[in-house]
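Comments concern the structure below.
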Amino acid sequence: MLNNPLEKYSGLPAFEAIRPEHVEPAVATVLADARERVAKLGNEEPTTVDWAVELERITDAVHRVWGPVVHLNAVLSSPELRAAYNECLPLITEFGTELAQNRELHAGFVALEKCVDPDSAIERQLITHALRDFRLAGVALDDDKRRRFADLAQELAQLQATFEQNLMDATDDFQHHAMDKPEVAGLPKDLLERARRAAEDNELDGWLLALDPPTYISVQTHAESEDLRRLYYEAWVTRASDQGPHADRWDNGSLIDQILELRHEASRLLGFNSYAEFSLATKMASMPSEVLKFLENLAVKSKPVAQRELDELTAFAGRELKPWDLAYFAERLKQDRFALADDELRPYFPLPRVLEGMFRVAETLFDVRLTERHDVATWHPDARFFDVDTSDAGVIGGVFVDLYARPNKRGGAWMDECIIRANLAGLEQQPVAYLVCNFNPPGESQPSLLTHNDVVTLFHEFGHSLHHLLTEIDFPSLSGINGVPWDAVELPSQFFENYAWLPEVLPWISGHVDTGKPLPSEKFETLNDSRTFLAGLAMVRQLELALFDFRLHDSYDPDEGTRVEDVLSAVRNEVAVMLPPAFNRFSCTFSHIFGGGYAAGYYSYKWAEVLAADAFSAFASNGSFDAETAASFRRSILAAGGSRDTMDAFTEFRGRAPSLEPLLRQSGIAPDSEVA
Ligand code: ZN
């Protein structure tokens, strides 16, 4: 196809021109070209790192074509695009496996290891990672096993994509038509306005409510009608399962069984005892027992706190609580105790103000400025582009932001790489990030208004973006978040969340939508006091997910089958303080581990949270904006990307190994000695 906009290997993607019909030919072209270059490379005898640079260029070209497709499929899906995506995903996976199992390339790296500059830590890291990844891709297996391993990777990619799509379809398909005012009592005005417009569009009276995450959370938190909360709870926790309103229509249950079985088989082929061991081969944690001990230790410390919180909540409600009562009564108790409703703060956090203030935090800490550009093509009118520059280097990269929920957009919030930094012969480019959230869209006459929780989410994703943007590493495979162990990748994001909680940042990020006045300090103090409100319950919930994920993959035994519900109930009995009803099929919605890359790695959130809280405690002692501490954090953590060992980098910054205590304190869960 002439002038295929996806075949654009430099500059920003041509979002204005990309159509589903461009996907397949662009993928075919880039893969054919990549294969030719890989074959040529495999015949060369490497003498310098330039040999490996060619591989960096090849991989980057594939990312240039496939990256925008993955991104568009997540933020602006359509049946045509999804079909093109599904058609090409196996081709991309197949190429990835082929590359990772290429014996000539593997031999090349073995040879290169002997001739590379021993003083270049980065070049040595490049080779160490490459050799490790070849091993994990089964390069050393005999032909039969290697083919089997490749087939498994292929099947897994398909199964995981189907898992995600089932979940998206089940979520999008649900609607609830409410006719009577009492049924929607308590719901926020802007949600009701949207629901009323949706009803009108369908020529209905009343309100038409969807099941997107903001609506689900609003119903759970605010709906006075227990029936509506229960209805939504059931719809949410039975999505893509054999239960609930869409029972069996998009059931992910059998996919889970297949995914676990294939992951186990693939890990065994490589000589690991379990997928959990395989997962840890690329992480900071070294052994399954280390992860389990870490999580169990946190659980022991948190469960009594969570139980106490649940007792208080039950006493406050004056009756036994059901899972669909938790968020509702938590919000009531929070209001009662702190006289502070989540939604009450929304007018103080108009999105434009928050964005501006957040950029100021980045500028103050790291001397980076963000400037909007209006001449950059995006995929949707809601999406915007910002140049990122520093005073010494000028423009160093850019970021696309796309912040509002809409149909055909994947839920949640994330940062992804649009362009990965490179400074190599034949490949010079600055990093560009995608920052995506699902906040309430603006109303007809007012901007999007955020809860403080939304503000924290935005800071989180921006922290990832800074990691991607402030990298100083020249090799794409080690720059930004690349090559960083999964259990450390949440360090910069969770670290940056802390800045959404600082009193000195508040006047920067808040300004009442009508008066422009910042959040009054007494309201902020109350908000800050509320930070640890029900933190024990939140902690045990995260530990439940992390332990479920890790044990499921660690203890999988093909003779016994998957035992998903057994493992989950065992974990819940140990960690949770409230057990869900029998129809709960949470596992069918757990896309982090069955659709995405967090398998036997969900614990990473907590692991990195420990690192983040500990890193921030250095700022707490030296000053939140202390220039030297910020420069050191930027140098050791943000700039280094995956170019060095994370534990070394952390220890260099902190002056010692990581400690659990800052996180326990931050969560209001005191260390042992202080538990009365
Ligand atoms: Zn994150």
Checklist entry - Taking Gly655 and the conditions (1) away from the ligand (no atom under 16 Å from the Cβ); (2) at negative phi; (3) loosely packed, with under 15 Cβ neighbours inside 10 Å, which numbered condition does it fall short on, given that it satisfies the others? => result (2)
Next on the checklist: Restricting to region 461-496, name every residue that is of a type in the set (Ser, Thr, Tyr) and over 15 Å from the mean Cα position of the chain (by Cα).
Outcome noted: Thr471, Ser477, Ser479
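Residue by residue, here is whether (1) more than 25 Å from the chain's Cα centre (by Cα); (2) part of a loop (DSSP other than H, G, I, E, B) holds:
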position: Tyr9; (1), (2): yes, yes
position: Ile58; (1), (2): yes, no
position: Trp66; (1), (2): no, no
position: Val69; (1), (2): no, no
position: Ala74; (1), (2): no, no
position: Leu81; (1), (2): no, no
Next on the checklist: Test of understanding: among Ile637, Ile669, which residue is at pLDDT 95 or above and β-branched (Val, Ile, Thr)?
Outcome noted: Ile637
Next on the checklist: Filter region 420-435 down to the residues that are more than 16 Å from the ligand (Cβ to nearest atom) and of a type outside the set (A, V, I, L, M, F, W, C) and list them by number.
Outcome noted: Arg421, Asn423, Gly426, Glu428, Gln429, Gln430, Pro431
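This table checks each residue for (1) closer than 24 Å to Arg19 by Cβ; (2) under 24 Å from the mean Cα position of the chain (by Cα); (3) modelled with pLDDT of 95 or more; (4) among the charged types (D, E, K, R).
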| position | (1), (2), (3), (4) |
| --- | --- |
| Ala339 | no, no, no, no |
| Val368 | no, yes, yes, no |
| Gly394 | no, no, yes, no |
| Val399 | no, yes, yes, no |
| Tyr404 | yes, yes, yes, no |
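Residues are listed down the side, and each one gets a yes or a no for (1) at negative phi; (2) charged (D, E, K, R):
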residue: Asp474; (1), (2): yes, yes
residue: Ser493; (1), (2): yes, no
residue: Gly516; (1), (2): no, no
residue: Leu519; (1), (2): yes, no
Next on the checklist: Of all residues being without any contact (Cβ under 8 Å) to a residue 60 or more places away in the chain and either touching a helix residue (DSSP H, G or I) at 6+ places or on another chain (Cβ under 6 Å) or of a type in the set (Lys, Arg) (or both) in region 193-209, which is farthest from Arg346 (Cα to Cα)? Just the residue, please.
Outcome noted: Gly206
Checklist entry - Pick from Leu255, Leu321: which is surrounded by 15 or more Cβ atoms within 10 Å (Cβ to Cβ), of a type outside the set (Gly, Ala, Ser), more than 30 Å from Asn453 (Cβ to Cβ) and in contact with a Ser or Thr (Cβ under 8 Å, 6 or more places away or on another chain)? => result Leu255
Next on the checklist: On the basis of being in contact (Cβ under 8 Å) with a residue 60 or more places away in the chain and of a type in the set (Ser, Thr, Tyr), does Ser632 make the cut?
Outcome noted: no
Item to check | Some residue of region 206-219 being farther than 30 Å from Leu333 by Cβ and surrounded by fewer than 21 Cβ atoms within 10 Å (Cβ to Cβ) | outcome: yes
Item to check | Residues being among the hydrophobic types (A, V, I, L, M, F, W, C) and either within 16 Å of the ligand (Cβ to nearest atom) or within 20 Å of Arg82 (Cβ to Cβ) (or both) - total across region 370-419 | outcome: 9
Next on the checklist: Taking the conditions exactly as written (in contact with a His (Cβ under 9 Å, 6 or more places away or on another chain) and either aliphatic (A, V, I, L, M) or assigned to a helix (DSSP H, G or I) (or both)), does Ala599 satisfy them or not?
Outcome noted: yes
Checklist entry - Which pairs do you get when a residue that is farther than 17 Å from Ile473 by Cβ, found in region 406-433, comes within reach of a residue that is within 16 Å of the ligand (Cβ to nearest atom) and part of a loop (DSSP other than H, G, I, E, B), reach meaning Cβ atoms under 9 angstrom, with the pair 6+ apart or on two chains? => result Met415/Ile481
Item to check | Failed criterion for Val456 (all others in (1) within 16 Å of the ligand (Cβ to nearest atom); (2) more than 30 Å from Asp173 (Cα to Cα) hold) | outcome: (2)
Item to check | Breaking point among (1) more than 23 Å from the chain's Cα centre (by Cα); (2) within 16 Å of the ligand (Cβ to nearest atom), for Ser569 | outcome: (2)
Item to check | Number of the condition not met by Arg57 [criteria: (1) within 30 Å of Ala111 (Cβ to Cβ); (2) out of contact with any strand residue (DSSP E or B) (no Cβ under 7 Å at 6 or more places or on another chain); (3) not hydrophobic (A, V, I, L, M, F, W, C)] | outcome: (2)
Checklist entry - Is it true that some residue in region 223-237 is more than 22 Å from Thr451 (Cα to Cα) and under 23 Å from the mean Cα position of the chain (by Cα)? => result yes
Item to check | All positions within region 471-513 that are more than 16 Å from the ligand (Cβ to nearest atom), closer than 15 Å to Gly641 by Cβ and surrounded by fewer than 22 Cβ atoms within 10 Å (Cβ to Cβ) | outcome: Glu472, Asp474
Checklist outcome for this item: Restricting attention to region 354-384, the residues that are without any contact (Cβ under 8 Å) to a residue 60 or more places away in the chain, closer than 27 Å to Ile637 by Cβ and part of a strand (DSSP E or B) number exactly 3
Checklist entry - How about region 11-56: which of its residues are over 27 Å from Val116 (Cα atoms), in contact with a Pro (Cβ under 8 Å, 6 or more places away or on another chain) and part of a helix (DSSP H, G or I)? => result His22
Next on the checklist: Please go through (1) at pLDDT 95 or above; (2) under 30 Å from Ala600 (Cα atoms); (3) over 24 Å from the mean Cα position of the chain (by Cα) for Ala576 and return the number of the only condition it doesn't satisfy.
Outcome noted: (3)
Checklist entry - Name the residues in region 578-610 that are surrounded by 21 or more Cβ atoms within 10 Å (Cβ to Cβ) and among the aliphatic types (A, V, I, L, M), would you? => result Ile593, Ala599, Ala600, Ala608, Val610
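The values are calculated or read from the model by the stated rules, or taken from the named source; none is laboratory data. Not measured: the values here are computed from a predicted model. Positions of Cβ are backbone-derived with ideal geometry, glycine not excepted, and every protein chain shown enters the neighbour counts.
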